[in-house]
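Worksheet: the structure to be examined is printed underneath.
Bear in mind these aren't lab numbers, they're just calculated from the coordinates by the rules spelled out. Note that this is a predicted model, so its numbers are computed, not measured.
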Amino acid sequence: MTVTPAPAPLLTTARYELWQPRADDLADLFDLTRDEETRRFLGGFVPSEADSFARLLRNAGSWALWGYGTFMVRRRGEARIVANCGVFRSHRGFGAEQGLDNVPEAGWIVHRDAWGQGLASEVMPAALAWFDATHGRQRTACMIEEGHGASEAIAAKLGFVRYGTQQPDSGAALGLWERI
């Protein structure tokens, strides 16, 4: 399948702006995942600048190869990135039976100082609506580390339904969710 990338959208919600990752987003992306509480449910890794660079390249690569990816998110009128949310392409390596490889995957990382303010509940519907309008409504999956009740509630609000569990060799169990 050949995909011609769509023009880079700038989405806006009542309180936020969402844009396609740019090279100058690296420092803020690193800052986003450096906070220990923010990454508590992201597999327990401690990021380096190199990890953030690899995440930025994965995000940009999803846009380049499939025409969609995660958005960098900031409060309107502010420069600092407070979240990284959207629909992207990933290959988790769990196997076809787990249904997470070769499908669009939704995800959201919200900085701790923006928790409890409805950020993901505001920006993810905008990202999903853009994805559906641009690429057609299709099965979209997401994975949420067990015990992350806030993300499970957001997933359910977005129309995702839990369909399985994955236990990686290292780390916590992951709930697998899908939106058809």
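Worth pointing out:
- Antiparallel DSSP beta bridges within the chain, percent to nearest 5: 95
- Between Ala150 and Arg22, residue separation times 0.36 nm minus the direct Cα-Cα distance comes to 43.2 nm.
- Fully extended contour minus Cα-Cα distance, from Leu57 to Thr13, at 0.36 nm per residue: 13.3 nm
- Compactness of the chain, expressed as Rg and Dmax over alpha-carbon positions, Å: 15.2, 44
- The range 53-96: projected area of the alpha-carbon convex hull, averaged over directions, in nm²: 4.0
- Summed over qualifying helices (DSSP H, 4 residues or more, each -39500 (n - 2.57)) and divided by its residue number, the chain shows a 222 nm mean residue ellipticity of -9500 deg cm²/dmol.
- Derived scalar couplings between HN and Hα for the range 24-32 equal 7, 8, 4, 4, 5, 5, 4, 4, 4 Hz in order, rounded to whole Hz, by the Karplus curve 6.51 cos²θ - 1.76 cosθ + 1.60 (θ = phi - 60°), x for Gly and Pro.
- Pairs of alpha carbons in the range 47-126 separated by more than 17 Å make up 54% of all such pairs.
- Globularity ratio of the range 79-158, using Cα Rg and 2.2 N^0.38 Å: 1.13
- Calculated P(r) of the range 118-178 - Cα pairs past 13 Å, %: 65
- Over the chain, relative contact order from alpha-carbon pairs under 8 Å, at least 6 apart, %: 19
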